[in-house]
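S.K.: Please see the structure below; I have some questions.
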Amino acid sequence: MKILQIAMTDISDAVEKLSTLTGIAPQLIIVFGCVDHFSDPAFFKTLKTSFPDAELVGCTTAGEISFSAVSNATSIITAIHFESATFQLATAELDSMDASFQAGEALAQQLQSPDLKAVMLFGQGVNINGSALIDGLTSVLGTRLPITGGLAGDDGAFSKTYILSSHGISTSEVVALGLKGEKLLFSHGSFGGWKAFGPTRKVTKCVDNVLYELDGNPALDVYKRYLGDYAKDLPGSGLLFPFEMLTNSRESLGQIRTILGINEADGSLILAGAINPDGYLRLMHAHTNDLVDGAETAARATIDGLPVTEGQSLGMLVSCVGRKLVMGGRVDEEVEAVQDILGENTVLCGFYSNGEICPGYKLEACSLHNQTMTITYLAELS
């Protein structure tokens, strides 16, 4: 497995910079970048011209990850050449949130194969039900196949995100990469680092990802009481105070839900993924050290029990925009912590997202996460 990577800030000099990646004859180009780049028609044309024989995949971000750094207003372009592993690209249109399950189903039907080993999935970050998208894939592929990835970002605006595939750049498309190969090593890890505060609250009314009532009271009223002065900055301040989902017996599901929007008219909260209608919720908060510790936990889980490999490996990090807001100028620390554990031969790429896709910590089935560091690890055995 051979990997090269560049950081690009200006499209005008892209051709020259991209030419440095062609030396490994890349088969796959992964691009995580800013909205300004993806919305420029010249961007895709330049990528396609520079890599006519490679598949393209990626999305916009709320911050780009490379090696031990986090950047903004850039595009991180990672070129990969596999020695023996193979892959297949699938795309599907997603015109409305209600069609998320069907879009996931369509992706899975394109990828379905007896030798499919894992799937990397990228979806738009607005107008999507990430939980339903995953459910659509698993309805065809089953729950035992590892699925990782994330939902695109737009620097926290939650307005318009973009997805890249070999077909072009779209605001209404989901894309998946099916990976195959006997020598392919695919692993993953995820962890949050958030801590609970306040009492647990019973979900008494919700529909999909819209929370109407907690303990019989309007969810927005309950939430505002706990936020205090932060309430005036909703919905943006909701990224700092997510919910942890609990079962009907008040046990953790290992899933966190971010508030994406509020509805003053009916007192509801719009969350980033489906809510357990029979369960409980409790508020979470965190400090930078907690989140860095969480990233370390995710990294250790990723490589736990893996054989030692020669040559390069890829670590794809998808972390939540809410974590970035909490850490501020110290955001690099969680990336550095992961790099230290995965090792210097692991090339990091990734992005800050509107939702993370990965099996939960010590859980088998894939799910949508918020406020979580998720890691996908790729290598090839010799």
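S.K.: Examine the range 359-370 for a residue that is out of contact with any Cys (no Cβ under 8 Å at 6 or more places or on another chain), open to solvent by less than 50 Å² (accessible area, probe 1.4 Å) and either in a strand (DSSP E or B) or of a type in the set (Lys, Arg) (or both), and state whether such a residue exists.
M.R.: Yes, the range 359-370 contains a residue that is out of contact with any Cys (no Cβ under 8 Å at 6 or more places or on another chain), open to solvent by less than 50 Å² (accessible area, probe 1.4 Å) and either in a strand (DSSP E or B) or of a type in the set (Lys, Arg) (or both).
S.K.: Return the pair list, or none, for Cβ contacts closer than 9 Å from residues in the range 248-270 that are touching a residue at least 60 places away in the same chain (Cβ under 8 Å) to residues that are open to solvent by 60 Å² or more (accessible area, probe 1.4 Å) and of a type in the set (D, E, K, R), at least 6 apart or on different chains.
M.R.: Short answer, once both residue conditions are applied: Gly254/Lys362.
S.K.: Could you say which residue among Ser75, Ser66, Ser12 is of a type outside the set (A, V, I, L, M) and more than 29 Å from Thr309 (Cβ to Cβ)?
M.R.: Numbers: Ser75 fails: more than 29 Å from Thr309 (Cβ to Cβ); Ser66 fails: more than 29 Å from Thr309 (Cβ to Cβ).
Matching residue, one of Ser75, Ser66, Ser12: Ser12.
S.K.: Okay, moving on. In the range 90-131, what residues are open to solvent by 30 Å² or more (accessible area, probe 1.4 Å) and either in a strand (DSSP E or B) or acidic (Asp, Glu) (or both)?
M.R.: Across the range 90-131, the qualifying residues are Glu93, Asp95, Asp98, Glu105, Asp115, Lys117.
S.K.: Just one of the numbered conditions (1) crowded, with 20+ Cβ neighbours inside 10 Å; (2) of a type outside the set (A, V, I, L, M); (3) in a loop (DSSP other than H, G, I, E, B) is not true of Ser382; which one?
M.R.: So the condition that Ser382 fails would be (1).
S.K.: Any residue that is on the phi < 0 side of the Ramachandran plot, open to solvent by 20 Å² or more (accessible area, probe 1.4 Å), at pLDDT below 95 and not in a strand (DSSP E or B) - is there at least one of those in the range 187-205?
M.R.: Checked against the condition, which is being on the phi < 0 side of the Ramachandran plot, open to solvent by 20 Å² or more (accessible area, probe 1.4 Å), at pLDDT below 95 and not in a strand (DSSP E or B), the range 187-205 yields at least one hit.
S.K.: Further question on the same structure: With respect to Ala62, is the statement that it is closer than 28 Å to Val292 by Cβ and open to solvent by less than 30 Å² (accessible area, probe 1.4 Å) true? Working first, answer last.
M.R.: Numbers: closer than 28 Å to Val292 by Cβ: yes; open to solvent by less than 30 Å² (accessible area, probe 1.4 Å): yes.
It is true that Ala62 is closer than 28 Å to Val292 by Cβ and open to solvent by less than 30 Å² (accessible area, probe 1.4 Å).
S.K.: I've got another one for you. Tell me, please, whether a residue that is surrounded by 14 or more Cβ atoms within 10 Å (Cβ to Cβ), of a type in the set (Gly, Ala, Ser) and assigned to a loop (DSSP other than H, G, I, E, B) can be found in the range 1-18.
M.R.: Scanning the range 1-18 turns up no residue that is surrounded by 14 or more Cβ atoms within 10 Å (Cβ to Cβ), of a type in the set (Gly, Ala, Ser) and assigned to a loop (DSSP other than H, G, I, E, B).
Conditions (1) modelled with pLDDT under 95; (2) under 29 Å from Gln5 (Cα atoms), marked per residue:
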{"residue": "Thr91", "(1), (2)": "no, yes"}
{"residue": "Gln109", "(1), (2)": "no, no"}
{"residue": "Gly125", "(1), (2)": "yes, yes"}
{"residue": "Tyr162", "(1), (2)": "no, yes"}
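S.K.: Determine which single condition Leu325 fails, assuming it passes every other condition in (1) part of a helix (DSSP H, G or I); (2) modelled with pLDDT of 95 or more.
M.R.: Evaluating Leu325 over (1) part of a helix (DSSP H, G or I); (2) modelled with pLDDT of 95 or more leaves (2) as the failure.
S.K.: Look through Thr297, Thr247, Thr258, Thr302 and report the one residue that is polar (S, T, N, Q) and touching a Cys at 6+ places or on another chain (Cβ under 8 Å). Write out each step before concluding.
M.R.: Details: Thr297 fails: touching a Cys at 6+ places or on another chain (Cβ under 8 Å); Thr247 fails: touching a Cys at 6+ places or on another chain (Cβ under 8 Å); Thr302 fails: touching a Cys at 6+ places or on another chain (Cβ under 8 Å).
Thr258 is the lone residue from the list that is polar (S, T, N, Q) and touching a Cys at 6+ places or on another chain (Cβ under 8 Å).
S.K.: While we're on this one: Pick from the range 237-255 the residues that are within 28 Å of the chain's Cα centre (by Cα) and surrounded by fewer than 14 Cβ atoms within 10 Å (Cβ to Cβ): which of them is nearest to Asn129 (Cα to Cα)? Steps first, answer last, please.
M.R.: Initially, the range 237-255 is screened for residues within 28 Å of the chain's Cα centre (by Cα), giving 237-248, 250-255.
From what is left, the residues that are surrounded by fewer than 14 Cβ atoms within 10 Å (Cβ to Cβ) are 247-248, 250-251.
Numbers: Thr247: 21, Asn248: 23, Arg250: 25, Glu251: 24 Å.
Among residues in the range 237-255 that are within 28 Å of the chain's Cα centre (by Cα) and surrounded by fewer than 14 Cβ atoms within 10 Å (Cβ to Cβ), the one nearest to Asn129 (Cα to Cα) is Thr247.
S.K.: Also, I was wondering about something else. Taking the conditions exactly as written (of a type in the set (A, V, I, L, M, F, W, C) and without any contact (Cβ under 8 Å) to a residue 60 or more places away in the chain), does Ala7 satisfy them or not? It would help to see each step written out before you state the result.
M.R.: On the way: of a type in the set (A, V, I, L, M, F, W, C): yes; without any contact (Cβ under 8 Å) to a residue 60 or more places away in the chain: no.
It is false that Ala7 is of a type in the set (A, V, I, L, M, F, W, C) and without any contact (Cβ under 8 Å) to a residue 60 or more places away in the chain.
S.K.: Still on this model: What about Glu55, is it of a type outside the set (Lys, Arg), touching a strand residue (DSSP E or B) at 6+ places or on another chain (Cβ under 6 Å), open to solvent by 40 Å² or more (accessible area, probe 1.4 Å) and within 25 Å of Met1 (Cα to Cα)?
M.R.: Numbers: of a type outside the set (Lys, Arg): yes; touching a strand residue (DSSP E or B) at 6+ places or on another chain (Cβ under 6 Å): yes; open to solvent by 40 Å² or more (accessible area, probe 1.4 Å): yes; within 25 Å of Met1 (Cα to Cα): yes.
Yes: the conditions hold for Glu55.
S.K.: Look at Asp293 and say whether it is among the acidic types (Asp, Glu), within 24 Å of Met327 (Cβ to Cβ) and modelled with pLDDT of 95 or more. So that I can check it myself, show each step before the final result.
M.R.: Numbers: among the acidic types (Asp, Glu): yes; within 24 Å of Met327 (Cβ to Cβ): yes; modelled with pLDDT of 95 or more: yes.
Yes: the conditions hold for Asp293.
S.K.: Can you pull out every residue in the range 154-178 that is under 18 Å from Met120 (Cβ atoms) and among the aromatic types (Phe, Trp, Tyr)?
M.R.: Passing the criteria: only Tyr162.
S.K.: Applying the selection to the range 151-186, what residues are part of a strand (DSSP E or B) and either on the phi > 0 side of the Ramachandran plot or open to solvent by 10 Å² or more (accessible area, probe 1.4 Å) (or both)?
M.R.: Of all residues in the range 151-186, those part of a strand (DSSP E or B) come to 151, 163-165, 168-170, 173-180, 184-186.
Across the range 151-186, the qualifying residues are Gly168, Ile169, Ser170, Glu173, Lys180, Leu185, Phe186.
S.K.: Which of the following residues is open to solvent by 40 Å² or more (accessible area, probe 1.4 Å) and part of a helix (DSSP H, G or I): Glu333, Glu344?
M.R.: Values: Glu344 fails: part of a helix (DSSP H, G or I).
None of the other options fit; the residue is Glu333.
S.K.: What are the pairs with Cβ atoms under 7 angstrom where one residue, in the range 228-247, is free of Cβ contacts under 8 Å to residues at least 60 places away in the same chain and of a type in the set (Gly, Ala, Ser) and the other, located anywhere, is surrounded by 13 or more Cβ atoms within 10 Å (Cβ to Cβ) and outside any loop (DSSP other than H, G, I, E, B)? Sequence gap at least six, or different chains.
M.R.: Ala231/Lys224; Ser237/Leu227; Ser237/Tyr230; Gly238/Ile259
S.K.: Filter the range 210-223 down to residues that are surrounded by 22 or more Cβ atoms within 10 Å (Cβ to Cβ) and touching a helix residue (DSSP H, G or I) at 6+ places or on another chain (Cβ under 7 Å) and give me whichever is nearest to His369 (Cα to Cα).
M.R.: Top of the filtered list is Leu211.
The values are calculated or read from the model by the stated rules, or taken from the named source; none is laboratory data. In this text, all values refer to a predicted model and were calculated from it rather than measured experimentally. Heads up, the Cβs are rebuilt from the backbone with ideal geometry, glycines too, and the neighbour counts pull from every protein chain shown. To get the accessible areas, we keep the full protein, side chains included, count just its heavy atoms, and leave off ligands, DNA and RNA. Shrake-Rupley method; radii C 1.70, N 1.55, O 1.52, S 1.80 Å.
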